[in-house]
1. If packing is taken as the average count of other Cβ atoms within 10 Å, what order do 10-23, 126-139, 176-189 fall into, highest mean first?
2. For I26, which sequence-distant residues (separation of 5 or more, or a different chain) have an amide H within less than 5 Å of its own amide H, given hydrogens modelled in the peptide plane?
3. Enumerate the amide H contacts of V166 below 5 Å, restricted to partners 5 or more residues apart or on another chain; note that Pro and chain-start residues carry no placed amide H.
Amino acid sequence: MANFTDLPREIRDQIYKLLLTVGAEIVAHPTCFEKPTDFEVEGVIRPAVALLRVNKQISDEATILLYGDNTWRIPNSFHYVRGSEIYQDHGSLFRHITAHLDRRDTDEFHTTRRVRNIYERLASLTMVERMRHTHDDRSDNLSQSISIRGSLVVLHMSLIQSLTLVVDNLFCPSGCCRLDTIKNLYEDILHMFDPEPKRVLCQATCPRSLKDVRVTGLRSQAEKDLVYGEWGFKGAAVEQDTA
Ligand SMILES: [Zn+2]
């Protein structure tokens, strides 16, 4: 009787693909690699990662498909990424990644430390001053997280083919600083993938494989002009239709 591994590699890859790719972003928790049920997927279908334990050959082949064919979401927290076996050991296999830039989604480790440090000072501030402080603190936090994630992509993900930056929830309650944050996004990440580098000649650092860079969730005409016009990036088709 023929074994699974006697099948041609292309057929095996198709089977791996059916079992391991999901039509949603995968968010990897930091220490969950050994427990397949801890893969967190938006939706109901989880990758059948038990396949990775069948034998070495199947594991090696399936690993490439699992990490290369799914879309992985880079967590906001640098501490999660640094502590995560998935990002450390397999980030170099990622080909499709997304990063959501959301001011509400702050780095808990970072925030807790800062809050502890400023607690006494906050107590002496007025309500308006406290709100301003919190706003600026979250902005700083997000900026740091953006540049960390930018360097992560460039340094570790040499096979990356598509990168999507989601700015849908990039807002503060007063809406005062969204455009500036998007401009910072260019300085921190997008300039490395500028389709026609105008300011920085960055082809040396940009992963060669990256062909598809998108920014989705843009709101105002000014934001769209900047990203699609001045910078020349792609966005969601629906956004371009309405632009
Ligand atoms: Zn603001």
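1. Numbers: 10-23: 15.1, 126-139: 13.3, 176-189: 17.7.
Going by the mean number of other Cβ atoms within 10 Å, highest first, we get 176-189, 10-23, 126-139.
2. The answer is T71, W72, R73.
3. A99, H100, L101, T216
We did not get these values from a lab; they are worked out from the coordinates using the rules stated. None of these values were measured; they are calculated from a predicted model. No Cβ is skipped: glycine too gets one built from the backbone with ideal geometry, and neighbour counts run over all protein chains shown.
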